[in-house]
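Accompanying notes for the structure given below.
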Amino acid sequence: MKFLIVDDHPVLREGIAALLRRAGPEVAMLEAGTVPEALRLAEANDDLDVVILDMVLPGMDGLGAIGEFGRVRPEVPVIVLSSSEKAEDARRALASGALGYVPKSASHNTLLAAISLVMDGEVYVPPLILAEVTGTALPQKVPPSPADVTASALTARQVEVLRRLSSGQPNKIIAYELDLSEKTVKAHVTAIFKVLGAINRTQAAAAARAAGLI
């Protein structure tokens, strides 16, 4: 696995890198202190698996950076690691395209669990949103109409992945059944989410059924 850690505090970057290296000897780390530096690294590393992004960065905030990573490497999931514990900030990050939001006050195990969930094609929603008592819903991307989805023309392989995803199969099983690598399946899942305007598997399945794709 290869991670890109984007934070303007070197000590924090080193701490996150040390934590992630516990996952095994084959884990590689890239570090950047600014968004332009991070984007250059993302473009230069086509085997990148996950971006871990701070929300407060010099020159460009995290929300803007999420969009830039989506433009440069749309298949790579972004997890926001932020000092903010405001539910509104978490909702904005997820609505902007991040697939996870982890407060910096969270435990190491929470961050690792969020990464594992996101790499399996899901979205990590922090408890600070789930426990919010205001009743404000998580902003959702507006799904495209069925006609728009059909016109987007998912590839035949992506439709195969979508069918299995909608039936509840995890990425590992999809990869085995289709004779693909897990990384390829993750890239297909990310592309499917973008085409369907979904942020999780449930939304993707519902949109696909509405469009008659499955």
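Assorted remarks:
- Members of the stretch 20-29 that are out of contact with any strand residue (DSSP E or B) (no Cβ under 9 Å at 6 or more places or on another chain) and open to solvent by less than 60 Å² (accessible area, probe 1.4 Å): G24
- Counting residues in the stretch 94-101 that are more than 10 Å from the chain's Cα centre (by Cα), under 25 Å from D47 (Cα atoms), free of Cβ contacts under 8 Å to residues at least 24 places away in the same chain and not in a strand (DSSP E or B) gives zero.
- Checking each residue in the stretch 60-91 for being open to solvent by 40 Å² or more (accessible area, probe 1.4 Å) and more than 29 Å from P170 (Cβ to Cβ) picks out M60, D61, E68, S83, E85, K86, E88.
- From G135, G59, G168, residue being at pLDDT below 90 and either under 18 Å from the mean Cα position of the chain (by Cα) or closer than 30 Å to G24 by Cα (or both): G168
- Whichever residue in the stretch 5-19 is without any contact (Cβ under 8 Å) to a residue 60 or more places away in the chain and touching a strand residue (DSSP E or B) at 6+ places or on another chain (Cβ under 7 Å) and, among such residues, is surrounded by the fewest Cβ atoms within 10 Å (Cβ to Cβ): A17
The values are calculated or read from the model by the stated rules, or taken from the named source; none is laboratory data. Here the structure is a predicted model, which is why all the values come from computation and not from measurement. Note that we place each Cβ from the backbone using ideal geometry, even for glycine, and neighbour counts take in every protein chain shown. Heads up: the accessible areas ignore ligands, DNA and RNA and are worked out on the full protein's heavy atoms, side chains in. Shrake-Rupley method; radii C 1.70, N 1.55, O 1.52, S 1.80 Å.
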